[in-house]
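For reference, the structure is listed below as structure tokens.
Derivation of every value follows stated rules applied to the coordinates shown; laboratory data play no part. From a predicted model like this one, the values you see are computed outputs, not experimental measurements. Every residue, glycine as well, gets a Cβ built from its backbone with ideal geometry; the counts of neighbours run over all protein chains shown.
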Amino acid sequence: MTTEMQMQRRRPADAAVTTPEQGSAVLRKGAALPLAGAALIWALAAWPGIAQDDGVTETYGVSTFGELRYGPDAAHLDYVNPDAPQGGEMSFAWSSGSFDSLHPYTRIGRPAVLSSVFFESMLEGTADEIGSSYCLLCESMAFPEDRSYVIFTIREEARFSDGTPVTADDALFSYEILRDEGLPSFRAALPLTIASAEVLDERRIRFDFNPDAPVRGRIEAAGGLPVFSRASHEASGLDFEDSRLEPLVGSGPYVLGEVDPGQRVVYARNRDYWGEGLWINQGRHNYESIRIEYYGDAIAAFEGFTAGNYTFRQESSSQAWANNYDFPKLDQGIVLREELPDGTIASGQSFMINLRRPQFQDVRVREAIALMFNFEWTNQTLFYGLYSHIDSFWENTHLEASGLPSVEELAVLEPLRDLLPERVFAEEAFATPPSNPDRTLDRRQARRATALLEEAGWVPGDDGLLRNAAGETLDVEFLNSGSLFDRIINPYVENLRAIGVNARLNRVDNAQLSQRQRDGDFDIVTDHFSMDYEPGSGLRQYFGSIGADESLFNVPGLADDGVDALVEVVVNAETQDEMEVAVRALDRVLRAHVIRVPQWYNNQHWVAYYDMYRYPEELPPYSLGFLDFWWIDPEAEADLREQGAF
């Protein structure tokens, strides 16, 4: 389960493991965005207000394959309360290390959670649609039938938080500096899609796309870029890549209120927010401030919640959920505890195997390592049976591969047979078989793993450790920064040692973990693949050879010609059916390569909060949205304060 900032639904560029089990409590607007994760293409939606002239379409929104849910005269999103009161403070905790920067678009420093809240983009997604985006900074967009370019016209009223207008020149500056000096993922991906950009006048910017770039994904690649003030950057006197605690000026609904590096950050409402009256913003951004308290570990963070130091908690530890929520404030009704449905794709949290390491080059070695993780015992013994196992990269969706390849999948796979593992065609989609839940070491799995390792040339030495022909031991180091994760990794380490693998756990601080992961200096780390329902060119960053050494998202360092080819089939799919078949084929091939040991997911949001927060009766399927469209009941807040609850 993930903690979500649903203003933009993307994986952060440097998402840290934060909890003993889930490890993916990430505010998705808390860092830079992978490009074109849910690509856009014009669907011929029959809404009034969409103009077509000489083959050029001018519109307020686009959808990948289907019709837009909201017309140009929509008053508000269906899932918000447009009459929600505004005011009060949302406060929550972060227990995965410190921060020393408010600049999320550079590799230097560790950015604070939610530090991209200052910035908006031309387009905005919703939490009840897949693949649809609507104008936010722009009032309209125009593009020809072949989508060779797009022109965004910025709203005349759009303003940065310092009161200056948002101009096409600011949008050009943002694009160019992200392309040239931003995170490696931007530098690698932007040139593949966008050929050039030019300012047409003060409010209009044109992006021209590379002819070879897939049509699906072009518009969002440009429209999803954050826009910041050129003047604020130039006035700072800093290089764009420098870490900074004075953020760039943006146009979003929140500005920096208070910062205590490593301890606390507060984002305050921009009371002059230009977009307050937009239909897409009605019933949203309801808090006067958002406060994030940093703690050294999850135990201290929980104690802070019970003491009232912060007032909202999204729990991701099954142990805590099962055992810790029995404190007096719950009995008194001051704190509420709820399980809310989560219909999103599983986070893809996994033990990532570093394919850059020589000992992991053979897939049989990777499969043997995967077999020795006993999820069933872990779930029963440590997680109270509350989690489900992950097999697919698109777990909990209709996109996951199953059984043998279908006829439609084979039509995609057969032309690439020489580039793909034979098991893709001959076996069911790879999944580690269930282990014995009653004992840590499953002997059947151990025998299978040992046989695979012997086939790969790893045989027991006199000391019982597996060695290759050169006499080298099979070393596997689990790199981790959270003490509470030890109870999960240590039994896994013992299982591996039982079959002769020289496995160990190395706990480092968060800064070391981040740096070593960025440098590819690890054997196994916990991270996650956040997939989309309509994946596009962002797949290149997660799985493509182009991102093996440059992208922060391709954690295992996968570089495979067959995967590259399948990614392009997905990216270039022209219909929804074609895309879905190609995704299942890609899922099947990725699983065959065994680049990770999947962990678990939860189909519920576990939340506890002081009884002053309210949310719509019907939550949207793709967002919990507690930072987006929840609100505070002012009378309930006053009652709690009178009781001294916090």
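Miscellaneous remarks
- Mean separation of Cα contacts under 8 Å, 6 or more apart, over the residue count of the stretch 252-377: relative contact order %: 13 percent
- Relative contact order, percent, the stretch 349-601 [alpha-carbon distance under 8 Å, six or more residues apart]: 34 percent
- With contacts taken as Cα pairs under 8 Å at a separation of at least 6 residues, the chain carries a relative contact order of 21 percent.
- Contour excess over end-to-end distance, with Cα ends at T381 and D146 and 0.36 nm allotted per residue: 79.0 nm
- Sorted from greatest to least, the principal axis extents spanned by the alpha carbons of the chain come out as 76, 65, 47 Å.
- Between the stretch 617-646 and the stretch 563-589, the Cα center-to-center distance that results, in Å: 41 Å
- In Hz, Karplus ³J(HN,Hα) per residue of the stretch 435-442 (6.51, -1.76, 1.60; θ = phi - 60°; x = Gly, Pro): 9, 6, x, 9, 8, 4, 9, 8
- Centroid-to-centroid separation of the stretch 391-434 and the stretch 441-487 [C-alpha atoms, Å]: 27 Å
- Proximity of backbone amide H atoms, modeled 1.01 Å from N, is registered between D527 and S350, M352 at under 5 Å, excluding neighbours fewer than 5 places apart on the same chain.
- Helical runs (DSSP H, four residues minimum) scored at -39500 (n - 2.57) apiece and divided by the length of the chain put the mean residue ellipticity at 222 nm at -7000 deg cm²/dmol.
- Neighbour count of at most 12 Cβ within 10 Å plus DSSP loop: longest trypsin sites (Lys or Arg not before Pro)-free window in the chain: 1-270
- Alpha-carbon centroid distance for the pair the stretch 165-191 / the stretch 192-211, whole angstrom: 11 Å
- Taking amide hydrogens as placed 1.01 Å from N in the peptide plane, the amide H of Q604 sits under 5 Å from those of D342, each at least 5 positions away in sequence or on another chain.
- 3J(HN,Hα) along the stretch 173-179, derived from phi through the Karplus expression 6.51 cos²θ - 1.76 cosθ + 1.60 where θ = phi - 60°, amounts to 4, 4, 4, 5, 6, 5, 5 Hz, with x in place of Gly and Pro.
- Rounded to the nearest whole Hz, the Karplus-based 3J(HN,Hα) values (6.51 cos²θ - 1.76 cosθ + 1.60, θ = phi - 60°) of the stretch 579-593 follow the sequence 5, 5, 5, 5, 5, 4, 5, 5, 4, 4, 6, 4, 5, 5, 7, with x at glycine and proline.
- Nonlocal amide H pairs with E120, under 5 Å, H built at 1.01 Å: V227, S251, G252
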